[in-house]
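The values are calculated or read from the model by the stated rules, or taken from the named source; none is laboratory data. Since the structure is predicted, the reported quantities are computational estimates derived from the model, not experimental observations. Cβ atoms come from the backbone with ideal geometry, glycine included; neighbour counts cover every protein chain shown.
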Amino acid sequence: MTVRDIRVALVHLGCARNLIDSENILGRLGSEGFTLTGEVAGADVAVLNTCSFIGEARDESEGAIEQMLDAKRAGALRSVIVAGCLPEKFRDDVEAKYPEVDAFLGLSDYSNVARIVEEVLKGRKVREDAGGRAPQGQGEFLRLLQTPRSYAYLRPSHGCDHKCAFCIIPAIRGTQASKPLEVVVEETANLVQQGVREVVLVAEDTTGYGTDFGPDGPRLPELVEAMAQVPGLRWLRVMYAYPNRFPWRLTEVMNAYDTVVPYLDIPTQHISTPVLKRMRRGGTGDSVRGILSRLREEVPGITLRTTVLVGHPGEGEAEFQELCDFLEEFRIDRVGAFAYSPERGTPAGDDPDRCSHEEARERQGRLMEIQARVHAELQAERVGEECEVLIDGSEGDWAIGRAASDAPEVDAIVRVADPQHSYSTGSMLRVRITAADGYDLEAVPVSAAAAK
């Protein structure tokens with residue numbers, strides 16, 4: 001059997017940063033000549049890229065492992081490889097629980113994944129940390145993109161220096177390790193050459209970029225400014241901006257370059273000062289309000305997205321109500337909410353001063369009901385507005401796109417009437433919003449502005 005006769009299926013779980021890892025794995029395997037498939041059925045080897053951010057993610061990862069092992073026992077798979085965050089953080093546990101897995105790979109650049117596939121097909125177990133070099137500040141150029149060519153994710157750094165009480169990410173991905181500015185710019189140009197129109201910056205702490213370079217090194221504003229000048233790039237979006245020690249020159253860059261969309265994802269986690277202190281977030285309710293207000297003042301028309309965590313130790317009904325009142329009053333454009341679950345090895349993990357998980361989920365539902373109403377009102381206000389839309393795909397007689405106010409996968413979409421199927425993925429259109437359809441919008445083209 002030649003390499004091209006070997007069919008490898010990859011199953012991806014988790015966030016956009018995890019997706020980049022999956023794209024690295026696929027790129028490495030594809031460059032070595034393996035036949036890649038998105039279906040486990042009919043594959044020789046299945047690679048599972050896991051998530052372990054919270055307990056529910058670990059449960060999902062373990063459920064996927066069990067399904068793959070069932071297929072292996074039934075003779076439908078020859079080998080199973082488990083990679084990513086789960087074996088990186090909980091290797092001893094998963095090795096003991098799933099001895100039939102042929103290889104466990106933690107986080108790396110996956111430069112050795114092709115050799116490992118060959119090894120497991122020979123019946124050999126791979127137990128050492130054999131995925132390749134640790135991903136410390138290097139470029140990622142062999143990715144096989146799994147997003148539409150309209151957008152792609154790019155991470156300027158790995159790891160996080162913060163010590164939030166609820167979070168195990170630093171224990172999984174390590175401390176801040178930024179890529180050199182010129183490497184990130186080269187990655188951006190490489191993506192644009194592949195036809196990508198929008199680059200979405202994602203990291204554990206995007207605003208921490210460059211803090212490991214020393215006092216005279218580049219920071220996020222310099223990086224965004226350099227990326228914005230890459231020829232052919234249409235949109236640049238910043239996600240996962242930590243609110244404290246915000247690099248305020250970034251607002252100047254956002255205003256100076258049309259390429260940088262007036263959008264910022266800035267996870268605040270809460271608004272109650274006592275809860276923020278218990279979370280070890282390093283800020284207060286007043287500082288959160290001040291940062292968000294200043295962003296609205298300095299970047300006219302900015303869309304703000306945030307994430308909040310409900311049910312954390314120290315959050316009683318009064319603190320939760322303060323968060324609900326804040327969302328009602330401040331009317332943040334985009335909000336995601338998580339229900340707290342205790343994580344082993346975190347400062348908050350053993351803190352008994354919390355509500356039940358059921359109550360946390362109930363609070364999550366109540367909060368999102370408020371945000372759904374706010375979101376619907378904000379969307380209704382946009383009817384009649386003209387805006388530019390980037391097309392990500394199609395659905396029947398609709399082209400499916402997004403305005404600059406919406407990040408891929410997590411925010412709203414714009415359905416553009418396209419009965420003639422005229423607009424391909426990556427097209428950029430001028431549209432007029434005609435209706436607010438639940439969470440999303442509907443529009444008709446005003447003019448086509450698809451770039452070359």
Check: Has segment 363-383 got at least one residue that is among the β-branched types (V, I, T) and in contact with a helix residue (DSSP H, G or I) (Cβ under 6 Å, 6 or more places away or on another chain)?
Finding: yes
Checklist line | Selection from segment 244-282 of residues that are surrounded by fewer than 22 Cβ atoms within 10 Å (Cβ to Cβ) and part of a loop (DSSP other than H, G, I, E, B) | finding: N244, R245, F246, P247, W248, Y257, D258, T259, P267, R280, G282
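Yes or no: G42 in a loop (DSSP other than H, G, I, E, B) and either within 20 Å of E119 (Cβ to Cβ) or free of Cβ contacts under 8 Å to residues at least 12 places away in the same chain (or both)?
Working: in a loop (DSSP other than H, G, I, E, B): yes; either within 20 Å of E119 (Cβ to Cβ) or free of Cβ contacts under 8 Å to residues at least 12 places away in the same chain (or both): no.
It is false that G42 is in a loop (DSSP other than H, G, I, E, B) and either within 20 Å of E119 (Cβ to Cβ) or free of Cβ contacts under 8 Å to residues at least 12 places away in the same chain (or both).
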Checklist line | Some residue of segment 342-362 being over 24 Å from the mean Cα position of the chain (by Cα) and farther than 30 Å from D93 by Cα | finding: yes
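Here is a yes/no grid of residues against (1) within 25 Å of Y209 (Cβ to Cβ); (2) part of a loop (DSSP other than H, G, I, E, B); (3) over 21 Å from the mean Cα position of the chain (by Cα):
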| residue | (1), (2), (3) |
| --- | --- |
| G63 | no, no, yes |
| D93 | no, no, yes |
| I116 | no, no, yes |
| R133 | yes, yes, yes |
| Q146 | yes, yes, no |
| K163 | yes, yes, no |
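Which one of these is assigned to a loop (DSSP other than H, G, I, E, B), modelled with pLDDT of 95 or more, among the aliphatic types (A, V, I, L, M) and crowded, with 19+ Cβ neighbours inside 10 Å: V196, V224, V200? Break it down into steps so the answer makes sense when it comes.
Numbers: V224 fails: assigned to a loop (DSSP other than H, G, I, E, B); V200 fails: assigned to a loop (DSSP other than H, G, I, E, B).
Being assigned to a loop (DSSP other than H, G, I, E, B), modelled with pLDDT of 95 or more, among the aliphatic types (A, V, I, L, M) and crowded, with 19+ Cβ neighbours inside 10 Å holds for just one of V196, V224, V200, which is V196.
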Notebook entry, point to check: Here is a list of conditions, (1) at pLDDT below 95; (2) aliphatic (A, V, I, L, M); (3) under 20 Å from P408 (Cα atoms), and I169 meets all of them except one; can you say which number that is?
Noted result: (3)
Notebook entry, point to check: Of the residues D325, D411, D406, which is out of contact with any strand residue (DSSP E or B) (no Cβ under 7 Å at 6 or more places or on another chain), modelled with pLDDT of 95 or more and crowded, with 20+ Cβ neighbours inside 10 Å?
Noted result: D406
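When you scan segment 45-56, do you find a residue that is without any contact (Cβ under 8 Å) to a residue 24 or more places away in the chain, assigned by TED's automatic domain parsing to the domain that holds E100 and either in contact with a strand residue (DSSP E or B) (Cβ under 8 Å, 6 or more places away or on another chain) or small (G, A, S) (or both), even just one?
Going through segment 45-56, the residues without any contact (Cβ under 8 Å) to a residue 24 or more places away in the chain turn out to be none.
No: segment 45-56 contains no residue that is without any contact (Cβ under 8 Å) to a residue 24 or more places away in the chain, assigned by TED's automatic domain parsing to the domain that holds E100 and either in contact with a strand residue (DSSP E or B) (Cβ under 8 Å, 6 or more places away or on another chain) or small (G, A, S) (or both).
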Item checked: Options S178, S150, S157; residue that is touching a helix residue (DSSP H, G or I) at 6+ places or on another chain (Cβ under 6 Å), in contact (Cβ under 8 Å) with a residue 24 or more places away in the chain and not aliphatic (A, V, I, L, M) -> S178
Checklist line | Answer residue from segment 165-190, given it is within 26 Å of T50 (Cα to Cα) and part of a loop (DSSP other than H, G, I, E, B) and is farthest from the chain's Cα centre (by Cα) among those | finding: A165
